[in-house]
Amino acid sequence: MKTILITIGLLLSCAALGRGQQIPLEKYAPCLLGEAVESDALLPMNDMGMEFGYMLYEADVVTETPDPVLEVENVRDYAAVYWDGCFVGELDDAHKSLFLEAAEGVHKLQIYVENKGRITYGPEILDNSKGLFGRATLDGIDIESWKIAPIDLWDGTPGVLNFHDAAAGTRLPGYWMGSFDKATLTGANYVDMTGWGMGEVWVNGRYAGFYWEKSGLRTVEIPLHVLKDGKTNQIVIFELKKPHTSITFAQEQLFR
């Protein structure tokens, strides 16, 4: 009986390693920004020489009334809105306004925009601008003096990012990194992104995939051929709005 219990315990431990072990993400690096452009008007990604990826739109704004409403005329295709360094909501081309709980005064508005791809057919093919463009207002007053910068995501591998110990409460978009032992996978071939928002995953500097909480799939496949024996494997996650302090692996694809 004792032998049976020990065997069962070992099997459960192995299953836990492969499916539910938490890998701490102890390092953080801020977004790697390209050259910024200052403009009184919003500029689409096209005007910044970007065909895909992420863009940051930033402005210091003055609210003359409490709890203002932010409105953007064109959002292509998805935007995460930060107010004084805190994620406060999202915008897309079907939902272009956002109520902000804020006191009167000066605030920092940051809008991180992701481009979901190009239109390749249909009547909208000639209207293929991406990013933010048109008017942006706060309670009907135009927002000006924008600082607009591309996020150099595709260069965002550990070798070029300035990682440091992740401070408690770090919530801004950026990169989170952790290390794991290949032996702990025990057949787990996927990263479980349940609870995360939107972003990208790298393993040992090799791009693994994109995830989004609104898609049907909530796992990213691990490129097993890039893994190394031992504990020196690295996972890096770029997250736009809902970072976590750890990640888990899964033995199969998980769907919502």
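The values are calculated or read from the model by the stated rules, or taken from the named source; none is laboratory data. What you are looking at is a predicted structure, and each value in this text was computed from that prediction instead of being measured. Quick reminder, even Gly has a Cβ in these numbers, built from the backbone with ideal geometry, and neighbours come from all protein chains shown. Keep in mind that these areas ignore ligands, DNA and RNA; they rest on the heavy atoms of the full protein, side chains included. Shrake-Rupley method; radii C 1.70, N 1.55, O 1.52, S 1.80 Å.
Here are the numbers:
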{"read-out": "Matching residues, segment 221-256, being farther than 26 Å from Tyr82 by Cα and assigned to a strand (DSSP E or B)", "value": "Glu221, Asn233, Gln234, Thr248, Phe249, Ala250, Phe255"}
{"read-out": "Qualifying position, being open to solvent by 10 Å² or more (accessible area, probe 1.4 Å), modelled with pLDDT under 95 and under 29 Å from Ile235 (Cα atoms), among Leu161, Leu126", "value": "Leu161"}
{"read-out": "Residue that is modelled with the lowest pLDDT [pool: residues in segment 91-108 that are open to solvent by less than 100 Å² (accessible area, probe 1.4 Å) and of a type outside the set (Gly, Ala, Ser)]", "value": "Asp93"}
{"read-out": "Tabulated pairs, segment 133-152, first closer than 18 Å to Glu114 by Cβ and of a type in the set (Asp, Glu), second at pLDDT below 95 and assigned to a loop (DSSP other than H, G, I, E, B), C-beta under 8 angstrom, 6+ apart or interchain", "value": "Asp152/Leu32; Asp152/Gly34"}
{"read-out": "Condition met for Ala188 (more than 18 Å from the chain's Cα centre (by Cα), hydrophobic (A, V, I, L, M, F, W, C) and in a loop (DSSP other than H, G, I, E, B))", "value": "yes"}
{"read-out": "Residues of segment 33-71 satisfying the condition of being open to solvent by 80 Å² or more (accessible area, probe 1.4 Å), in a loop (DSSP other than H, G, I, E, B) and of a type outside the set (Phe, Trp, Tyr)", "value": "Glu35, Asp40, Glu51, Glu64"}
{"read-out": "Residue ID - modelled with the lowest pLDDT, chosen from residues in segment 147-158 that are open to solvent by 80 Å² or more (accessible area, probe 1.4 Å) and under 15 Å from Val201 (Cα atoms)", "value": "Asp155"}
{"read-out": "Verdict on Trp196 being in contact (Cβ under 8 Å) with a residue 24 or more places away in the chain, in a strand (DSSP E or B) and open to solvent by less than 60 Å² (accessible area, probe 1.4 Å)", "value": "no"}
